[in-house]
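The structure appears right after this line, and notes come after that.
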């Protein structure tokens, strides 16, 4: 019994130590990233490249996911409300669901997979092949050359992709509901405007900024801390996707509580 | 001058360096020998400040490397060229951009005309064809990658050159080419060099002095002739494997 309780204390102690070490490392990482901000001439061209990669590379995937989510939401709403509520409610539901939740969260989850894995694998491979050491040995900062452009690209492009996803989801929902229900354009627009407040769009945008920052920082942190060869790169990529997805979901709750339920 | 005194380093429970004392005088080429996994590369990374010692001091030109502030460390590294084991070339850049990154003076780096001239000169110094500058690292052989790595390291005209296993993984012919290149660079550009290797034959050909690292300590430093005459059991055991070659080279 004494041994069992000792084991638990050891496990808890190790967990605590590992946790505080990671928090310390992450704080140091964020500090170093912020210190690189004044070196605009170094990070700006790389930021443009990365932003372009995220925008062009993720556009199809984001449009596809958002359009299907919008369409399914509209069809399910039509199925549930037929005969019980006026059809224009479908417009209300699609716009609210897409802008408040589906657009930002689905975009974040899709891009945490696509960008998170990409960043962690790129930086992880550079770490294990000593490219990051080489950069440092040349007196150049990996934070201004590698980390900051990626974090900023995620921070800027994920909100923009979220706005695109919101538009795609609403348009797909509108189009699909018209195919299966006797809903006119006027009905849909009337319903969409009924409960809509401009704050909803701001909320969607603000939430996606949090998601973008989290995905960029967490995946670069995982990548730059990679150890132990190909196995380590795999672990970093998986860790980046899982951690940024879980953190995005946690932030979803937190930001919603702060911004919508004061 | 590079001076290491009582340098200790451990990773978790594993002691890698256990009180290393090591000197490199100006203008000389020192080969740091030792079996794989004895901490030779770790020692080299301490000299350039990529790792900090748990104890002991690393002094280069009178400066304690571990105590340098961020800007001082950047300036210090501009005096050192580091040749990584596998080249560590940036895969997203072509050879020109890789070597250009070695030009550490920011004004010269931005001057495209100077950069083109300097990169071409460094490529010539490492015996590569001018056409290679348009290629990406993935299109190069192992030996060419190492030579591009050397070109990048010398592009900033450093005072010191640190080579981490420059011939590992190469066939004997290419290894000889790299050894000859190291020797020629030392003579032509007059740098002070430290070469980490477990290739005894290459070390005897290139180095003015040798040092043997074993179990975290430098067990002997001396000229190739002193090494050959040594009765130290670890020196004898290490040289025995390649003894004929070493004698031949000496």
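Values quoted throughout were computed directly from the atomic coordinates according to the rules given, and no laboratory measurement underlies them. For clarity, every value in this text was computed on a predicted model and none was experimentally measured. In this analysis, Cβ positions are derived from the backbone assuming ideal geometry, glycine residues included, and neighbour counts consider all displayed protein chains.
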Mind pulling the angle between the C-alpha long axis of helix B:142-154 and the longest principal axis of chain B? Nearest 10 degrees, somewhere in 0 to 90. 80
Build a GNM of chain A with springs between Cα atoms under 10 Å: which of A:41, A:235, A:127 gets the top mean-square fluctuation? A:41
Considering only region B:100-232, percent of DSSP beta bridges that pair antiparallel, nearest 5: 50
Using 0.36 nm per residue, how much length does the chain from residue B:3 to residue B:21 gain when fully extended, once their Cα-Cα distance is taken away? 5.7 nm
Once you sort the root eigenvalues of the Cα gyration tensor of the protein assembly as shown as a ≥ b ≥ c, which label holds: rounded (a/c under 1.5), prolate (a/b larger than b/c) or oblate (the other case)? prolate
With Cα coordinates, the longest principal axis of chain A makes an angle with the long axis of helix A:148-180, in degrees rounded to 10, of 20
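Just checking the output field for A:122-134: average partner chain Cβ neighbours within 10 Å of each residue's Cβ?
5
Counting each DSSP H run of 4 or more residues in chain B as -39500 (n - 2.57), what helix-only mean residue ellipticity at 222 nm follows after dividing by all residues, to the nearest 500 deg cm²/dmol? If you can, show how the numbers build up before the last one.
Numbers: 11 runs with 100 residues, N = 250.
Result for chain B, helices only: -11500 deg cm²/dmol.
Just tell me how shielded B:88-96 is by partners: mean number of partner chain Cβ atoms within 10 Å of each residue's Cβ, no decimals. Mind dumping the intermediate values first?
Details: counts 9, 4, 8, 5, 4, 0, 0, 0, 0.
The shielding value for this peptide is 3.
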Alpha-carbon centroids, region A:195-262 and region B:79-94: separation in whole Å: 33
Global form of chain B, assessed from the alpha-carbon gyration tensor, a/c cut-off 1.5: oblate
How far is helix B:172-189 tilted off the main Cα axis of chain B, in degrees rounded to 10, range 0 to 90? 80
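For region B:90-156, rounded, prolate or oblate, judged on the Cα gyration tensor with a ≥ b ≥ c (square roots of eigenvalues), a/c < 1.5 rounded, else prolate if a/b > b/c?
Working: a/c = 1.80, a/b = 1.57, b/c = 1.15.
Cα axes put region B:90-156 in the prolate bin.
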Compute the distance from the alpha-carbon center of region B:37-58 to that of region A:1-62, in whole Å. 26
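Considering the convex hull of the alpha carbon atoms of region A:47-260, report its projected area averaged over all viewing directions, in nm², one decimal. Mind dumping the intermediate values first?
Numbers: hull surface 51.0 nm².
The directionally averaged projection comes out at 12.7 nm².
What average count of beta carbons from other chains do you get within 10 Å of the Cβ of residues in A:137-144? It would help to have the intermediate numbers written out before the result.
Details: counts 15, 14, 12, 5, 2, 0, 0, 0.
Mean partner shielding for this stretch: 6.
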